[in-house]
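Below is one structure, written out as structure tokens; the observations come after it.
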Amino acid sequence: MEGEVISLAFGGYGVVKKGKDVFFLSGALPDEIVDFSIDFKRKGVNFGVVKKIIKSSEARVKPKCKYFLKCGGCNFQNLNYEQQLIEKEKILKEILKKIGNLEARFEKPIFSKEYGYRKKVQFEINDEGKICFFKRNSNKLIEINECPVLSKPLELFLKRINKNNLKFFDAKNLTLYLSKSIVGRIETTEENLLKFWRNLKKISLKGLWLKPKKGFGKYLIKRNFEKYFLYHSPFSFMQINEEVNKFLIDEILNYLKDYNDLNILDGFAGVGNFSVPLSLKFKNVFAVENSKSNFYLLQRNKEDMKIENLNLINKNFEEVDLKERIDLILVDPPREGLTKGSIEKILSFLPEFLIYISCEPSTFARDLKIIKKFYSIEYIKLVDMFPQTYHTEAVCFLRKL
């Protein structure tokens, strides 16, 4: 079949319409005319593959990775990076309009380098003991020996590790890391863990852990920033794109530059990614974290940094009860977005400022649809944590009506 690609959809697919039928095509770009075939149907939706490009987009570029569109990781290596940002912002705006009936002012996206940004990755192991990723749209594996979105230490590790036979691994819960870079998760026995550790520590492997309190090498990873540091473990959440994360923190600090005397509530604090830098600038920060392991590291970071105005709360955000006036709430929830109780908690405090960081556009739109009854959106920024992929994050700055 032949058709013209009218847009990109969330998921990284080029969209073709023919009559009442809609086709989602891997590797197709807007304004292209392509010859394609249907690959599979899922819940009545047609997914296809491009057989031939009849008219190519001016924004099309040569992919950097030889596994592009074979591996399930990247979606946009064939699209120049400037256009990637434009298309991601378009998709985000469409979702906000469709689900949340929202139109908002967007400012320049937050982004950094196109490749070599990823400092954490999860590998799979095939029956031959080789490192793999999942194939595109499949639970089958594809063996790999390079990945240009990985940081240089990780990609070097990948090239070296495939010279070793890893047949004794099953896959899932082992975390390896080199210095600041987390290498992957795999499952094995303690005996093979020791064997693997002795073999691979020769190539800069700093730690190897099956689970907390069971492993070898360093357990705590210390990340140094300009004015502070954070400890985290191989099992705690940290953004894999450090540079974009720094730019996001800078954006928040710049937004609040005229307000120093603030009481801030961080609803999903983790190990202190936002709480620690905010506490260095503002009157009081209340950091809420439910996970016991994350909370331990949050305490460690507070104590080692000697931050007296960082107040820690080991509860779910929706269970927090404070007597202090809260001027700003910052939320960075998981993909599921905010629970009904979390939104009710925000509205019970009704702070002057609200900052919502999202990693899932649909739940972002759903939540903002409710919140906009009480807050006006000052602006939104696309936050491109994952260049070359369809994954879309955003930060929204709101002020009480």
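The values are calculated or read from the model by the stated rules, or taken from the named source; none is laboratory data. Here the structure is a predicted model, which is why all the values come from computation and not from measurement. Glycine gets a Cβ as well: all are built from the backbone with ideal geometry, and neighbour counts include every protein chain shown.
Odds and ends about this structure:
- Scan of segment 35-52 for residues that are surrounded by 17 or more Cβ atoms within 10 Å (Cβ to Cβ) and not small (Gly, Ala, Ser), ordered by number: Phe36, Asn46, Val49, Val50
- Residue within segment 173-181 that is among the aliphatic types (A, V, I, L, M) and either at pLDDT 85 or above or not in a strand (DSSP E or B) (or both) present: no
- Answer residue from segment 94-115, given it is under 18 Å from Leu79 (Cβ atoms) and in contact (Cβ under 8 Å) with a residue 12 or more places away in the chain and is surrounded by the most Cβ atoms within 10 Å (Cβ to Cβ) among those: Phe111
- Single condition Ala104 does not satisfy, out of (1) hydrophobic (A, V, I, L, M, F, W, C); (2) assigned to a loop (DSSP other than H, G, I, E, B); (3) over 30 Å from Phe235 (Cβ atoms); (4) not assigned by TED's automatic domain parsing to the domain that holds Cys396: (4)
- Qualifying residue in segment 102-117 (condition: within 24 Å of Phe364 (Cα to Cα) and of a type in the set (Lys, Arg)): yes
- Of the numbered criteria (1) in a loop (DSSP other than H, G, I, E, B); (2) among the charged types (D, E, K, R); (3) without any contact (Cβ under 8 Å) to a residue 40 or more places away in the chain; (4) farther than 22 Å from Lys222 by Cα, the one Glu308 fails is (4).
- Pro234, sole failed condition from (1) over 20 Å from the mean Cα position of the chain (by Cα); (2) more than 24 Å from Ile110 (Cα to Cα): (1)
- Qualifying positions in segment 20-33 - more than 12 Å from Asn78 (Cβ to Cβ), over 28 Å from the mean Cα position of the chain (by Cα) and in contact (Cβ under 8 Å) with a residue 24 or more places away in the chain: Asp21, Val22, Asp31, Ile33
- Failed item in (1) of a type outside the set (D, E, K, R); (2) within 18 Å of Asn290 (Cα to Cα); (3) within 15 Å of the chain's Cα centre (by Cα); (4) modelled with pLDDT of 95 or more, with Gly267 passing the rest: (3)
- Hits in segment 23-57 - residues which are among the acidic types (Asp, Glu) and either out of contact with any Asp or Glu (no Cβ under 9 Å at 6 or more places or on another chain) or closer than 16 Å to Ser7 by Cβ (or both): Asp31, Glu32, Asp39
- Candidates Ile329, Ile343, filtered to the one that is within 25 Å of the chain's Cα centre (by Cα), modelled with pLDDT of 95 or more, surrounded by 21 or more Cβ atoms within 10 Å (Cβ to Cβ) and of a type in the set (A, V, I, L, M): Ile329
- A search for C-beta distances below 9 Å between a residue of segment 381-401 that is without any contact (Cβ under 8 Å) to a residue 60 or more places away in the chain and any residue that is in a strand (DSSP E or B) and of a type in the set (Phe, Trp, Tyr), counting only pairs 6+ apart in sequence or on different chains, returns Leu398/Phe353; Leu398/Tyr356; Leu398/Tyr375; Arg399/Phe353; Arg399/Tyr375; Lys400/Phe353; Lys400/Tyr375; Leu401/Tyr375.
- Residue match in segment 246-260 (condition: in a strand (DSSP E or B) and at pLDDT 60 or above): no
- Count of segment 227-245 residues which are among the hydroxyl-bearing types (Ser, Thr, Tyr) and part of a helix (DSSP H, G or I): 0
- Members of segment 283-298 found to be touching a Phe, Trp or Tyr at 6+ places or on another chain (Cβ under 8 Å), surrounded by fewer than 21 Cβ atoms within 10 Å (Cβ to Cβ) and part of a loop (DSSP other than H, G, I, E, B), listed by number: Asn290
- Residue within segment 51-61 that is assigned to a strand (DSSP E or B), within 28 Å of the chain's Cα centre (by Cα) and within 21 Å of Tyr390 (Cα to Cα) present: yes
Results for (1) on the phi < 0 side of the Ramachandran plot; (2) outside the structural domain of Phe134 (by TED's automatic domain parsing); (3) in a strand (DSSP E or B), shown as yes or no for each residue.
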residue	(1), (2), (3)
Val22	yes, yes, yes
Leu25	yes, yes, yes
Asp31	no, yes, no
Ser37	yes, yes, yes
Gly48	yes, yes, yes
Phe76	yes, yes, no
Glu82	yes, yes, no
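- For the residues Leu354, Leu382, Leu368, Leu338, the requirement of being modelled with pLDDT of 95 or more, farther than 19 Å from Asp266 by Cα, surrounded by 16 or more Cβ atoms within 10 Å (Cβ to Cβ) and among the aliphatic types (A, V, I, L, M) singles out Leu382.
- Top-ranked residue in segment 62-74 [being part of a loop (DSSP other than H, G, I, E, B), on the phi < 0 side of the Ramachandran plot and in contact with a strand residue (DSSP E or B) (Cβ under 9 Å, 6 or more places away or on another chain); ranked as surrounded by the fewest Cβ atoms within 10 Å (Cβ to Cβ)]: Lys70
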